[in-house]
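Asks: Next up is a structure, given as structure tokens.
The values are calculated or read from the model by the stated rules, or taken from the named source; none is laboratory data. What you see is a predicted model; the values in this text were computed from it and never measured. Note: ideal-geometry Cβ built from the backbone for every residue, glycine included; neighbour counts use all protein chains shown. When the accessible area is computed, the model is the full protein with side chains, heavy atoms only, and any ligands, DNA or RNA have been set aside. Shrake-Rupley method; radii C 1.70, N 1.55, O 1.52, S 1.80 Å.
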Amino acid sequence: MATSLPPAWLAELNDQGSLVTDPDGRAAVLCEMAFAAHRRREVNDVELSEMLEFAEAARLWAIEHEGAGGVSI
């Protein structure tokens with residue numbers, strides 16, 4: 001089953017530069033955007049849970065890359 005997450009939220013999730021610069025702040029923004037999408041009924045409970053998990057995973061990834069001097073994929 002494919003899910004469709006909000007494009008604006010996905011764009012924020014994929015903004016690696018901002019994530020590395022401020023992992024906690026960007027994760028907080030991602031979480032707030034996820035809750036707002038849920039309140040607007042753009043995502044269901046399962047999608048909200050996935051979005052919050054992705055936000056935490058992105059935060060942890062960014063913390064690992066904070067001192068790396070750059071982001072490489």
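Asks: Hey, can you tell me all the residues within segment 29-52 that are touching a residue at least 40 places away in the same chain (Cβ under 8 Å) and closer than 19 Å to L19 by Cβ?
Replies: E50, M51
Asks: Would you point out which residue out of E50, E42 is assigned to a loop (DSSP other than H, G, I, E, B), at pLDDT 95 or above and over 8 Å from the mean Cα position of the chain (by Cα)?
Replies: One residue alone meets the criteria, E42.
Asks: Still on this model: Could you list, in sequence order, the residues of segment 37-51 that are open to solvent by 50 Å² or more (accessible area, probe 1.4 Å) and under 15 Å from P7 (Cβ atoms)?
Replies: Of everything in segment 37-51, those that are open to solvent by 50 Å² or more (accessible area, probe 1.4 Å) and under 15 Å from P7 (Cβ atoms) turn out to be R40, E42.
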